[in-house]
Amino acid sequence: MNDTTRAESRHESDSETLATEVQQRLVAEIDEAIIHLMRKRSAASAHLEQLRVAHGHPRKALSWENSVLRRYRGELGSTGTDLALLLLRML
């Protein structure tokens, strides 16, 4: 391998490393947003349950929870169902 080939290889490696780091930062930012939204959803869900109970309704509304499951399954497939179940358990 000559010096030019080594330099090109090193440059490609540096570019790949930079691209990887940029994508990792993007994924980390998205994860932070998801965590923030999950906390916000959990708080909103807790408040919704308080409102239901205060108005004499059951704490949980199974028809609404089923619609959440269907929405997530429709958008994300079977993994969406798993995610929705986790979200519904969080409170």
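The values are calculated or read from the model by the stated rules, or taken from the named source; none is laboratory data. Given the structure is predicted, the values throughout are model-derived calculations rather than measurements. Cβ atoms come from the backbone with ideal geometry, glycine included; neighbour counts cover every protein chain shown.
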- Going by the structure shown, is G74 surrounded by fewer than 10 Cβ atoms within 10 Å (Cβ to Cβ) and modelled with pLDDT of 95 or more? no
- Query: Using beta carbons and a limit of 7 Å, which pairs, at least six apart or on different chains, have the first residue in the range 57-72 and without any contact (Cβ under 8 Å) to a residue 40 or more places away in the chain and the second one surrounded by 12 or more Cβ atoms within 10 Å (Cβ to Cβ) and of a type in the set (F, W, Y)?
  - Reply: none
- Query: Within the range 45-91, can you find the residues that are closer than 21 Å to I35 by Cα and touching an Asp or Glu at 6+ places or on another chain (Cβ under 8 Å)?
  - Reply: L88, L91
- For residues that are modelled with pLDDT under 90 and either surrounded by 10 or more Cβ atoms within 10 Å (Cβ to Cβ) or in contact with a Phe, Trp or Tyr (Cβ under 8 Å, 6 or more places away or on another chain) (or both), tally how many sit in the range 1-33. 10
